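Below is one structure, written out as structure tokens; the observations come after it.
The values are calculated or read from the model by the stated rules, or taken from the named source; none is laboratory data. Just so it is clear, the structure is predicted and the values come from calculations on it, not from any experiment. Using ideal geometry, Cβ is built from the backbone for each residue, glycine included, and neighbour counts are taken over all protein chains shown. These area figures cover heavy atoms from the full protein model, side chains too; ligands, DNA and RNA do not enter into them. Shrake-Rupley method; radii C 1.70, N 1.55, O 1.52, S 1.80 Å.
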Amino acid sequence: MKDVNLGLMDIAAANELVFDRMVKEKERKLITSLSRSETFQLERKGLFPSRRKLSKRSVAWLLSELLEWIKSREAVVLPDNHE
């Protein structure tokens, strides 16, 4: 199998290599660096991917949706020296 350095790739290219899967809260926080309450507020406003119910007491997000959300946030950020 060919070695792939994901650090040198953009998120969209990396997303194509990653098999879509469900991400639970602990990993979601590592990926987005948002607190649980921030995520919930954004989700209620329709500004964050919706969670999926796995069981009575378990929810998760699609990895592809989280990566797409991150990509969309990067497009909004302006450089410090914009005029």
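Per-residue answers, yes or no, for (1) at pLDDT below 95; (2) assigned to a helix (DSSP H, G or I); (3) within 12 Å of L67 (Cα to Cα):
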site: D3; (1), (2), (3): yes, no, no
site: A12; (1), (2), (3): yes, yes, yes
site: E16; (1), (2), (3): yes, yes, yes
site: E27; (1), (2), (3): no, yes, no
TODO: Would you check if S50 is open to solvent by less than 100 Å² (accessible area, probe 1.4 Å) and either at pLDDT 95 or above or among the charged types (D, E, K, R) (or both)?
DONE: yes
Open item on the list: Being modelled with pLDDT of 95 or more, more than 17 Å from V23 (Cα to Cα) and surrounded by 12 or more Cβ atoms within 10 Å (Cβ to Cβ) is true for just one of L42, L66, L62. Which residue is that?
Closed with: L42
